[in-house]
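The values are calculated or read from the model by the stated rules, or taken from the named source; none is laboratory data. Not measured: the values here are computed from a predicted model. Methodologically, a virtual Cβ is constructed for each residue, glycine included, from the backbone with ideal geometry; neighbour enumeration extends over all protein chains shown. Accessible surface areas use protein heavy atoms only, side chains included; no ligands, DNA or RNA. Shrake-Rupley method; radii C 1.70, N 1.55, O 1.52, S 1.80 Å.
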Amino acid sequence: MKIHEYQARELLHSFKIPVPPGRMIESIQHAGEAFRAAAEGSATGEVVIKAQVHAGGRGKAGFVKIVKNIDEATAAASFMLTNRMKSPQTPPEGLEVKKVLVAQAAPIAKRGTGGSEEFYLAITTDRKTRRNILIASREGGVEIETVAHERPDAIIKVPLHPLLGLQDFAAREVAFRLGFRGRQVPQAMHIMKSLAKLFIEKDCTLAEINPLVLTPPDEQHPDGQVMAIDAKFSFDENGLFRHPEVEGLADHSEENQAEARAHRFGLSYIALDGQIGCLVNGAGLAMATMDIIKLHGVGKGPKGADGKPTDIEPANFLDVGGSATEEAVTEAFSIILSDPRVKGVMVNIFGGIMKCDVIAQGIINAAKNHRNPDGSTGFKVPLVVRLEGTNVDAGRKLLQDAKASLPTLQAGSDLTDAAAKVVAAVAK
Ligand code: GDP
Ligand code: MN
């Protein structure tokens, strides 16, 4: 689960990590007032307007703007709330912006070598070493992926102690390697240690500050101030029950709608790009089903731009779980068929705890309830069903008896037969 930057800033603040104050607004009318509040405490009078969407790359896309007066603030907020944000991290059609952050802009110190004092700091789990690690770089800001790719030596990685977290000596070493000096060192250490603590306490999978900046020296801070001006968090969904306060931060309008709907019915659903919808019980069987569709689908799709035939591929991963109800199966069909790319459906069920007759009844109900765009009911797309296991005879009989209301139904005798049949039906 992800949260917005304005929420991430509040979370950092609650762990005593310095962040410039700001306010989230949802309407252009509030831009003026929010600007005044932010400008008041700002030494330079500068304010930053930032689109709140669950994707990065906003700076380059023009969705982070520094403004100096109310007119500029209103214009920037108005641009962001009426245009879709497109970056390499968004879908091609971009994301709608419904929230905007208006915050005090932090002045950023310049580096003697050119550029500005922007750093990268993150805690995540490193699967290779099976530890949580701190990742840090002097080359923070907007191109960290490029830095990691082209100059891996510019990325510092330090494992966290499994029990003690980020220890002082480790944090101090990283602070020095990042180039912090004098009174900047304890500030940077405090931020790293707090971020590591936050990561563990809130069951994060990623806690990232990018950029962490150094401000120019002033009277209060003769060595400048180290602070966070952008942050991204992901939380382990399996840990959310321990953190109702985090769960409450979810913005469901930012999630894939079909995936959110599936989640409410206890279904594991991931949307993909192919044409064949899959309804399967068990994650392993779902993977195997996707594999076999891919195997049989090679070169069976329509001709691509280069004149060569494309592949027919799965349109989704869907695991209805071990004990899905008729209702959940009906919902699963409805979710699969709401994807306009779906040109055929393969149902692959191995009844263990799950009973095949429950699935069969779910299919029959779903066909009855499914509404096509032209207003008619029933399934229009080819449907191949392979059932095996508990109550399989009862399940097959139910489907046989309902043949009139399932005109596109074919039975698959086994996995290979079912995959070959659904690919052939879609390739027609
Ligand atoms: P992202 O592009 O979506 O990651 O958005 P960021 O919040 O990281 O902003 C991108 C860049 O805009 C930063 O790397 C900074 O260079 C600049 N920026 C953002 N906020 C501020 C600010 O408060 N003050 C200054 N001086 N620059 C900022
Ligand atoms: Mn950023």
Taking the convex hull of Cα positions in the chain, its mean projected area over all directions (nm²): 25.2 nm²
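Counting only DSSP beta bridges with both residues in the chain, tell me the antiparallel percent, nearest 5.
Approximately 75 percent, going by the DSSP bridge assignments.
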19 Å Cα cut-off, lysine pairs counted over the stretch 256-427 (separation 8 or more, or different chains): 18
Treating cross-link reach as a plain straight distance, find the lysines whose alpha-carbon is under 16 Å from the alpha-carbon of residue 202, omitting any fewer than eight places away in the same chain. 2, 16, 193, 232
Would you please state the base-10 log of I(q)/I(0) at q = 0.12 1/Å for the stretch 118-247, with intensities from the Debye formula using one equal scatterer on every alpha carbon? -0.46
Would you report the distance distribution of C-alpha pairs in the stretch 216-292 as whole percents per 5 angstrom bin, up to the bin with the largest distance? 3, 10, 14, 16, 12, 10, 9, 7, 5, 3, 4, 3, 2, 0
Within the stretch 93-120, which residues have the backbone N less than 13 Å from the label spot 7 Å out from residue 143 along Cα→beta-carbon, could you tell me? 115-116
Cβ crowding within 10 Å averaged over residues, with 256-263, 4-11, 28-35 ranked highest first: 4-11, 28-35, 256-263
Here the gain from full extension of residue 273 to residue 323, 0.36 nm per residue of separation minus their alpha-carbon distance, amounts to 15.3 nm
Proximal lysines relative to residue 68, as straight alpha-carbon distance under 16 Å, when same-chain residues fewer than 8 apart are discounted: 50
Over the Cα atoms of the stretch 201-256, what radius of gyration and what Dmax do you get, in Å? 16.3, 48
Determine by what factor the alpha-carbon radius of gyration of the stretch 21-104 differs from 2.2 N^0.38 Å, reporting the quotient. 1.03
How much length is gained if the chain between residue 96 and residue 71 is pulled fully straight, taking 0.36 nm per residue apart and subtracting their Cα-Cα distance, in nm to one decimal? 6.7 nm
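By the gyration tensor of its Cα atoms, with a ≥ b ≥ c the square roots of the eigenvalues, what is the shape of the stretch 256-427: rounded for a/c under 1.5, prolate for a/b over b/c, or oblate?
Details: a/c = 1.40, a/b = 1.35, b/c = 1.04.
In terms of gyration-tensor shape, rounded.
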Calculate what fraction, in whole %, of the accessible area of the stretch 118-247 sits on carbon and sulfur atoms when a 1.4 Å probe is rolled over the protein chains. 51 percent
As I understand it, the dipole of the stretch 195-289 uses +1 on the Cβ of Lys and Arg and -1 on the Cβ of Asp and Glu, about the Cα centre. Which of 226, 282, 206 lies farthest toward its positive end? 282
Under a crude label model (7 Å from the Cα following the beta-carbon direction), how far is residue 410 from residue 306 in nanometres? 2.9 nm
